[in-house]
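Below is one structure, written out as C-alpha cells; comments come after it.
We did not get these values from a lab; they are worked out from the coordinates using the rules stated. These numbers come from a predicted model, not from an experiment.
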Amino acid sequence: MTRLLSDTLAILNAAFAVLITIGGGIAGWRHMHEQGAGHGLLGIVLGLVVGLAVAAAVCGTLATLVLIENHLHNLLTMADRDRRARQ
C-alpha cells in the first residue's frame, strides 16, 4: 500500500509541475493583457519561466524525496535478497 501511495504521489507531483508551469504562462499573459500592452507573447514566455522556476522549487523538492524513498526501498530489497541467498 505504501508503494502505491508513493507511486501515486510521484505521478501527481509531475502533473502539478505541469499545471504550475502552464498556470504561470496564463498568469503572465493575463498580466500583460490587462495592462493593455500588446506584449502577450512576452507575458506568456516570462510567465512560463517563472512558473517553471516555482515548479522546480516546489515539485522538484518533492520529487527528490520520492526518489530517495525509491532508492531506500531498492536497497532494502537488495539487502533482503542477499540475506536470503546466504541462508
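Structure values in brief
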item: Per-residue [θ]222 nm for the chain (sum of -39500 (n - 2.57) over DSSP H runs n ≥ 4, rounded to 500); result: -34000 deg cm²/dmol
item: Percentage, to the nearest whole number, of Cα pairs in the chain over 19 Å apart; result: 56 percent
